[in-house]
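The structure under discussion appears below in the form of structure tokens.
The values are calculated or read from the model by the stated rules, or taken from the named source; none is laboratory data. This structure is a prediction, so every number in the text was calculated from the model and none was measured. Because the Cβ atoms are built from the backbone with ideal geometry, glycine has one as well, and the counts that use them run over all protein chains shown. Side chains are part of the model used for accessible areas, which takes the heavy atoms of the whole protein and leaves out ligands, DNA and RNA. Shrake-Rupley method; radii C 1.70, N 1.55, O 1.52, S 1.80 Å.
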Amino acid sequence: MKSKPVKGLILVAAIVVCAVAAIALLIPRMNTYQQEGALKLAVLKQPVNVVRDEKGMAYLRAENIHDAIAAQGFVTAQDRLFQMQLARMMAQGRISELAGEKAKPLDIRMRTIGMRRLAQKHEKILDHETRSFFQAYVDGVNAFVKSGRDLHLEFSIAGLQPETWTIADSLSVLYYMAWTTSANMQTEIVAQMLVEKLGLDKATEIFPLNVNPDDPSDTGTRSARLPVWPQLRFASDQPLRDFLDWAGPLQGSNNWAVAGRLSASGKPIVADDPHLDARILPGVWYPLGIITPEFRAVGVMVPGIPGMVVGRTEHCALGVTNAYGDCQDLYVETLDPRDANRHMEGAASQPFEVVRETLRIKDKAAPTGYREEELTLRFTKRGPVVSGVLPGLRTNKVITLRWAANEAMEPRIAMMDMLKARSIDDLRAALSSLTMMALNFVYADNQGNIGWLVSGRLPIRSQGESLAPYEAHDGKDNWVGWIPPEKMPQSRNPANGWVGTCNHKTTRNDYPYYYSNHFSPSYRYRRLKELLGDPKPKTAPDHWKFQRDVDNLMARDIAPIMSRALLGREETRKLGELLGSWNARDDLESAAPAVFQGVYRNFARLVYEDELGPDLASLMLGNWYFWEERLHRMVKEGNSPWFDDIRTKDKKETMNDLFREAALRFIRDTSASHGSDPGGWAWGRFHQIEFVNPIRREGFGKGLLGGGIHPMGGSGETLYRAIYSFNEPFAVTNSASLRMVADLGDDEKVLAALPGGVAGRTFHAHAKDQIGPFMRGDLVYWWLSDQAIRKNTRASLTLTP
């Protein structure tokens, strides 16, 4: 016979088990939506069938394009309305409504850039067909919002009310994405700070080195002295520092297309893996299939924007990377010495244009829970003022930002035409209207053609290269035209049978225009050339493996040099031995990648910190593209004067001295947390990615609601991209936000996976179910044919007018 305490414990245990079981059953139903049966959608002209597959991904079958895009808006809102709300608030400078005072600087920057103003300006000039395309999507979104049914639980948790959507909201998100692909502003600010610290001649020794691996004549050497406005004291200006600290999330990507003769199916293959900050669930992209009498398509789009930007149709496939075309310039503007509310255009004094906006800031002390602050923005004809007042030699200065997207708007936007394209010529024509962002599109069609094209509009500058802020001194416009679309970097059916881009420099020395000075180092592209240079035909799964390739070509060059240096001192010998036997693959189980990354990072800081000081060194080193390839060349040459520590007057340090000191620092920093045996310092113990829920990114509950912490191989230098912040190592911040391989010889399916899921709803079964397969490299598919869609259907809903 059991005692009463034991019976009590059994009863409590039974209650707990029942409670846990009940929660497990109820929670997934707390934040879902109707997927079966029928729903009325008054904006439709004819019924639309929506089926969902094993991943929760929707496939729409509509009788016309209007209904297909309206249904796209509706199902996107079902899955991602809360994410769309956050994206709109980010783009429009409204995050302080959610996060309070700490988000105010971010909102000020976003209001200054002015995505909402640009969106409203662009909306006014849209042609009828483009406006109707966007309006159909907006009507579908708003049908869900206005129904008041199945709204996301996150709205209640965050204390937000769902808001109806507008065309300007879609365009705001589009311009926000365009801004995040524009990186030259950071480069200009860092370059100016270096000149102010070192002088022009010394600064140019460490300016970016960009090399096109396909151009044997390209050594990265600059042919001309750069004009730089002297001593503007950028380093002391907080508004500019704020823009430097947040110029938008780092963008990257790999994409390539191979011709049928290099494909096992005999048809072209397109591969794409856009690199973004993919840590916030459910992920950046929304996947969808759309079938109408005019086209059949499967792919992804950013929630809030209609159409498709990566994917395939029955005729074509396309993928995208950041092309880093220079579409931003900073200008040094002279204030009128008699009136600080005016500026000088040559000899003429002109008033600043003034725009006033109101910030609404969450504040528990305010009677309504919010307080309002007025923000005053000033503009010249070039753009908004982004600095404080900078003391000049004779008169005070301010800095303005000019962005090509503000001046290159077209009545048509490519999204609809991309869906209907039947050949790469149709795609090229469609992309000519995507003027607000410079992207590398690779594409192929089922006729066997492949190609690559850079979208966007880039200015022709009278001064040529634009690495430094330009003095607006004579009232003349230094933007004297636009690079013609037919002259933008591109290729069609090259003799080698493939095209590819990895954010590297793609223009050759004989390119007639200045294109950019901000590119990724060439390591990933060089590795892609090795993989695709093999003439043996390859399958879609082969390309899927290439996207997870961890060969590090930078380490292949530098690790032997580093190893020899470390073998020369007993305290660093073990690290030298690890590097000496390493195959230069960034495998997560291997210790050598951790040693290489840790030592090289310390080495870079030692090279620059004595001349630049810790603050400026951190700013420059935080911009990987600015310095990586330059330092690589210095290491290969081995004798740069930058290796000497100018603080030690009685000694001249060598490269080997710095490598050994960098290693000793890494040993000291690592031994306490990871043990004293370097052989146990597996890269995956340092290098990890954590997926988080947008409503709980830190603190208690983050782990429960998020997608967990995952060890990750690769690095910033490998095709399997996994970048960490230089100043906050080694947690992964940017990685593949999608992997897609589309074989035009396979009309049933497309290889594709997301590091998250379809549904942007906490507790939903498809909010994070793709993380495991994505991290393992499992084969996951989008379905294209009717038979494949039917076979994998798990739910069916009819939307009726």
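Here are the numbers for the structure shown:
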{"item": "Only Lys, Arg (+1) and Asp, Glu (-1) charged, at Cβ; the chain dipole about Cα centre in debye", "result": "1640"}
{"item": "Region 523-555 residues near the modelled LEU779 label - backbone nitrogen below 18 Å, point 7 Å along Cα→Cβ", "result": "537-549"}
{"item": "Fully extended contour minus Cα-Cα distance, from LEU704 to LYS652, at 0.36 nm per residue", "result": "13.4 nm"}
{"item": "Listed peptides 377-387, 352-362 by packing density, highest first (mean Cβ within 10 Å)", "result": "377-387, 352-362"}
{"item": "Charge tally in the Cβ shell below 13 Å around ASN49, where Lys, Arg are +1 and Asp, Glu are -1, ASN49 excluded", "result": "-1"}
{"item": "Lys, Arg +1 and Asp, Glu -1 on Cβ, resulting dipole of region 700-801 about Cα centre, debye, nearest 20", "result": "400"}
{"item": "Radius 15 Å from Cβ of LEU664, net charge of other residues (Lys, Arg +1; Asp, Glu -1)", "result": "+1"}
{"item": "Length added when fully stretched, THR221-LYS476, from 0.36 nm per residue minus Cα-Cα", "result": "88.8 nm"}
{"item": "Separation in nanometres of the label points that stand 7 Å from Cα toward Cβ, at GLU353 and LEU567", "result": "6.4"}
{"item": "Of ALA348, GLN328, LEU359, farthest towards positive along the dipole that unit charges on Lys, Arg, Asp, Glu beta carbons give region 310-364", "result": "LEU359"}
{"item": "Highest-first arrangement of 666-675, 777-786, where packing means the average Cβ count within 10 Å", "result": "777-786, 666-675"}
{"item": "Kyte-Doolittle at least 1.6, axis length at least 15 Å by Cα - qualifying DSSP helices, the chain", "result": "4-30"}
{"item": "At R0 = 41 Å, FRET efficiency that the Cβ-Cβ distance of ALA795 and GLU690 yields, to 0.05", "result": "0.85"}
{"item": "Formal net charge of residues neighbouring SER466 (Cβ-Cβ distance under 9 Å; K, R +1; D, E -1)", "result": "-3"}
{"item": "Amide H contacts of ILE460 (H built 1.01 Å from N, under 5 Å, at least 5 apart or other chain)", "result": "VAL480, GLY481, TRP482, ILE483"}
{"item": "Debye, to nearest 20: dipole size of region 330-397, +1 on Lys, Arg Cβ, -1 on Asp, Glu Cβ", "result": "140"}
{"item": "Calculated from backbone phi, Karplus (6.51, -1.76, 1.60) coupling profile of region 447-458 in Hz, x at Gly/Pro", "result": "8, x, 7, 10, x, 8, 8, 8, 8, x, 10, 10"}
{"item": "Backbone HN-Hα couplings from phi across region 200-205 [Karplus 6.51/-1.76/1.60, Hz, Gly and Pro as x]", "result": "4, 4, 5, 5, 5, 5"}
{"item": "Of VAL386, LEU151, ILE113, farthest towards positive along the dipole that unit charges on Lys, Arg, Asp, Glu beta carbons give the chain", "result": "LEU151"}
{"item": "Carbon and sulfur %, accessible surface of the chain computed with the full protein complex present, 1.4 Å", "result": "53"}
{"item": "Two-site label geometry, LEU198 and SER725: point separation in nm, points 7 Å out along Cα→Cβ", "result": "2.5"}
{"item": "Relative contact order (%) - criterion: Cα under 8 Å, at least six apart; region: the chain", "result": "19"}
{"item": "Selected from SER516, THR368, MET437, residue furthest toward positive end of dipole (the chain; charges at beta carbon)", "result": "THR368"}
{"item": "Segment SER673-GLU530, extension gain: residue separation times 0.36 nm, minus the distance between their alpha carbons", "result": "47.7 nm"}
{"item": "For the chain: accessible area per residue (Å², 1.4 Å)", "result": "38"}
{"item": "Phi-based couplings in Hz for region 682-693 (Karplus 6.51, -1.76, 1.60; Gly and Pro marked x)", "result": "4, 4, x, 6, 9, 9, 9, 10, 10, 9, 10, 7"}
{"item": "For region 250-323, convex hull volume per residue from C-alpha positions, Å³", "result": "121"}
{"item": "Surface/4 estimate of mean projected area, convex hull on alpha-carbon atoms of the chain, nm²", "result": "40.5"}
